[in-house]
Structures are given as structure tokens and as C-alpha cells.
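The values are calculated or read from the model by the stated rules, or taken from the named source; none is laboratory data. Because the structure is a prediction, the values reported are computed rather than measured. Here the Cβ is made from the backbone with ideal geometry for all residues, glycine too, and neighbour counts use every protein chain on show. Remember, those area values only see protein heavy atoms, side chains included, never the ligands or the DNA or RNA. Shrake-Rupley method; radii C 1.70, N 1.55, O 1.52, S 1.80 Å.
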Amino acid sequence: YRTYPRMVGETGGKDIVVAHSSAERSELITALIRGSFEYQGQKCSAASRAYIAASVWEAIKDELAAETESITMGDVSDFRYFMGAVIDKSAYDRITGYIDRAQQSDKVEILAGGTYDDSEGYFIRPTILVTTDPNYETMEEELFGPVLTVYVYPDKEYEKVLDLCDKTSPYALTGAI
């Protein structure tokens, strides 16, 4: 059980991952991808926001982006695909609205994904947003879709980030440190 989080807490539909500077890099990448994008991010326990120490972020961002871009999508009855479409047009429209606003924001960089297609099903590529604003809308509002928002914090501000997590969202479901 060495790869299990050291602590799990209740945080709601804005489930968190907090990565301390001592975090194991490869395990963190796996936790972010599986936690955020399994079931198209449409599960109550999907990780939708991550607070990552700057030293860790520099070490993982390229691999995290590459792994996310390599995720296969298609008909979920074919087990070669990791992800399928989101549940319906309403969910598709809501989630893509967040992506569209992120593309226009000067507070957000799209690290991976950010594209979508509803020509046959409601497919949204797994998307990683990196924000400079810990109160950006995707850090506070429930999405229930394949969107992970990352806030990179200075390594020495770990205690402040824990307080920030507590005050950012009123929800209470899951989170991992």
C-alpha cells in the first residue's frame, strides 16, 4: 500500500489532489490521469482540481501532458478505449462551455486536450487546464467531465495551500494528499 495517498479527505464534487514536494512523480501522474479521466470524469469522486508543488510540476508536466494526449477514446464496448463520450448533450454543452471560457482566459493555459466533437456522440478530449488563479471557476465549480485544473504553488507554501483547499469549495466528497 505504499502507493496509496497518505491522507484522504472529504471535499465534494471538486475533488482534490494535493502534491507535496516529496510526492512520488510517477504515482502522481497515474493518480491524476485515472482519478480525473476514468468514466470521462463523470463520477462523484473524479479529481477535478490539483494543487501541485512547483518543483514537482516541473518534473511531471511534460509526461502528464503526453500521457493525457495518448488516451484512447471511442465506443466503450470496445475495451481498447480508455474513454467514451460524455453522457448527453446537456453535459457536453456545459463542459465545453468551461473549455471555451478557459481558451479565452489570460489566467489559464491548456496543457492537454481542449478539443471536442459532437458529430457522433458527445466526445470531449481529456483536458488539463493550468491556472494562475486558485479561485478560477474550474477550481470552484463542479464540472463532472474530463477536465482537470491544476494550480501550481511555491513548494514552501504547502500549509497555505491546504488552507486554500479548505476554503475554495463547499463540497465534501473525496480528496488525496
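Of the residues that sit in the stretch 123-164 and are outside any strand (DSSP E or B), polar (S, T, N, Q) and out of contact with any Phe, Trp or Tyr (no Cβ under 6 Å at 6 or more places or on another chain), which one is modelled with the highest pLDDT? It comes out as 132. In this entry, residue 33 passes the filter for residues that are in contact (Cβ under 8 Å) with a residue 12 or more places away in the chain and within 13 Å of the chain's Cα centre (by Cα). Within the stretch 60-95, the set of residues being among the aromatic types (Phe, Trp, Tyr), closer than 22 Å to residue 29 by Cβ and under 17 Å from the mean Cα position of the chain (by Cα) comprises just one member, 82. Looking across the stretch 24-68 at every residue that is more than 18 Å from residue 111 (Cβ to Cβ) and not in a helix (DSSP H, G or I), the one that is most open to solvent (accessible area, probe 1.4 Å) is identified as 24. Here is the figure for the stretch 97-144: residues that are within 23 Å of residue 81 (Cβ to Cβ) and open to solvent by 30 Å² or more (accessible area, probe 1.4 Å) total 13. Going by what's in this entry, would residue 114 be described as under 23 Å from residue 62 (Cα atoms), in a loop (DSSP other than H, G, I, E, B) and free of Cβ contacts under 8 Å to residues at least 40 places away in the same chain? The answer is yes for residue 114.
The numbered conditions (1) under 18 Å from residue 33 (Cα atoms); (2) surrounded by 13 or more Cβ atoms within 10 Å (Cβ to Cβ); (3) not acidic (Asp, Glu) are all true for residue 80 except (2).
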